[in-house]
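Q: One structure, pasted below without further comment.
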Amino acid sequence: MRIVILFLILTSNIIAEEIIGIPKIVDGDTVHINEYKIRLEGIDAPEIRQKCKKEKLKISSIIGFTFYKDYNCGKVSRENLKKKVDRSKIKCISSSKDRYERYLAVCFKEKINLNRWMVRNGQAVAYRRYSKEYIPDEDFAKENKLGLWQGKFLYPEKWRKLN
């Protein structure tokens, strides 16, 4: 019984912090609003230097041979978030920080959940290690071959370990 009570006390003390402003888009899952460094919670976008492969030429489904072209998926991810935000104010709701002292947050442009938007459009993946929230959005992007799912890529977490 004590464990349950302690758990309830600890979880009821969570304080959400709202950070509002026009962000500087650092990459597909990181923004800065004034002095606040914010990591979009539950998603993982390609790193700025990360390259992915996009289908360039497919030689008939019978032969089944496809040529791929490298592209900078990290920059593409960042540019898509920049374009979506379009120098507008966003609101980020954070209840914790990561080990780098960045605020972990869900960010919104008006009513649009930007974390969800990035995953649903294939510009980031669901960061399953930390959240299951965006898995259906990743499935949607994968089924519709959106963004990263148009070709081949290493999951950003794996790319970071190798680089």
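Q: Zone of Tyr100 (label point 7 Å along Cα→Cβ, backbone N under 19 Å): which residues in the range 66-80?
A: Under 19 Å, as judged by backbone N against the label point of Tyr100, lie 73-80 of the range 66-80.
Q: So how far apart, in nm, are the two label points at Ser131 and Ile22 if each is 7 Å from Cα heading toward Cβ?
A: 2.6 nm
Q: Got a sec? Charge dipole of the chain, +1 on Cβ for Lys and Arg, -1 for Asp and Glu; which of Asn80, Ile93, Ile135 is way out at the positive end?
A: Of the listed residues, the answer is Asn80.
Q: Also, I was wondering about something else. Would you work out the relative contact order for the chain, in percent, from Cα pairs under 8 angstrom that are 6 or more residues apart?
A: That works out to 25 percent.
Q: Can you tell me the orientation of helix 2-12 relative to the chain, as the angle in degrees between its alpha-carbon axis and the longest Cα principal axis, to the nearest 10?
A: Helix 2-12 and the main axis of the chain meet at about 70 degrees.
Q: So, with +1 on the Cβ of K and R and -1 on the Cβ of D and E, and no other charges, what is the size of the charge dipole of the range 2-162 about its Cα centre, to the nearest 20 debye?
A: On the way: 35 positive and 21 negative charges, 112 e Å.
Dipole magnitude for the range 2-162 comes out near 540 debye.
Q: Projecting each Cα onto the charge dipole of the range 2-162 (Lys/Arg +1, Asp/Glu -1 at the beta carbon, about the Cα centre), which of Ile22, Tyr36, Ile48 comes out farthest on the positive side?
A: Towards the positive end, the residue furthest out is Ile48.
Q: Continuing with this model, one more query. Between (1) 18.0, 52; (2) 18.1, 65; (3) 15.5, 43, which matches Rg and Dmax of the Cα atoms in Å calculated for the structure shown?
A: The calculated read-out lines up with (2).
Q: In nm, to one decimal, how far is the Asn34 label point from the Lys56 one, both placed 7 Å along Cα→Cβ?
A: Going from the Asn34 label point to the Lys56 one covers 4.8 nm.
Q: Right, here's the next one. Can you tell me the length gained on complete extension of the stretch Ile48 to Glu143, counting 0.36 nm per residue apart and subtracting the Cα distance?
A: Between Ile48 and Glu143, full extension yields 31.7 nm more.
Taken together, the values in this text are just the output of simple stated rules run on the coordinates, not laboratory data. Keep in mind the model is a prediction, meaning the values are calculated, not measured. So basically every Cβ, Gly included, is an ideal-geometry build from the backbone, and we count neighbours across all protein chains shown.
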